[in-house]
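Here's the structure, in structure tokens; my notes come after.
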Amino acid sequence: YAEEKEIQSSNLETAMSVIGDRRSREQKAKQEREKELAKVTIKKEDLELIMTEMEISRAAAERSLREHMGNVVEALITLTN
């Protein structure tokens, strides 16, 4: 038979603070990534090309273009794979 162990409140608080810190760092990194992607300029023609050829939404096409720094060929290659 295994003995039941009581979780100490200090250990629980420490664990919760570690989890909270990790979540805040991840959130901050995600926000910084979104800011960097927003700075990338994309061409309207490239956006429309991806939307029509791949039959995807404007948001998905724009995201793909921004992730590939506006390079329409790389964006299309990624979307087809």
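The values are calculated or read from the model by the stated rules, or taken from the named source; none is laboratory data. Treat the numbers as computed from the prediction; the structure is a model and nothing was measured. For neighbour counting, all protein chains shown are included, and Cβ atoms are generated from backbone atoms with ideal geometry for every residue, glycine included. The accessibility values were calculated without ligands, DNA or RNA, using every heavy atom of the protein model including side chains. Shrake-Rupley method; radii C 1.70, N 1.55, O 1.52, S 1.80 Å.
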**OP:** Scan the chain and report its longest stretch carrying no trypsin sites (Lys or Arg not before Pro) that are both in a DSSP loop and have at most 16 other Cβ atoms within 10 Å.
**Re:** 44-81
Original post:
For segment 41-80, what is the accessible area per residue in Å², given a 1.4 Å probe and the full set of protein chains?
Top reply: 66
Original post:
Leaving out ligands, DNA and RNA but keeping every protein chain, what accessible area does M51 have, in Å² rounded to the nearest 10, with a 1.4 Å probe?
Top reply: 50
Original post:
Quick one: how many Å² of I19 are accessible to a 1.4 Å probe, rounded to 10?
Top reply: 80
Original post:
Nearest 0.05, what FRET efficiency do T80 and E36 give at R0 = 30 Å with Cβ-Cβ as r?
Top reply: 0.75
Subject >> Among [x] 151; [y] 88; [z] 100, the entry that matches volume of the Cα convex hull per residue in Å³ as calculated here >> reply: [x]
Subject >> Apportionment of accessible area to carbon and sulfur, the chain, percent (1.4 Å) >> reply: 51
Subject >> Probe 1.4 Å, all protein chains present, accessible-area order of L76, L37, L12, largest first >> reply: L12, L76, L37
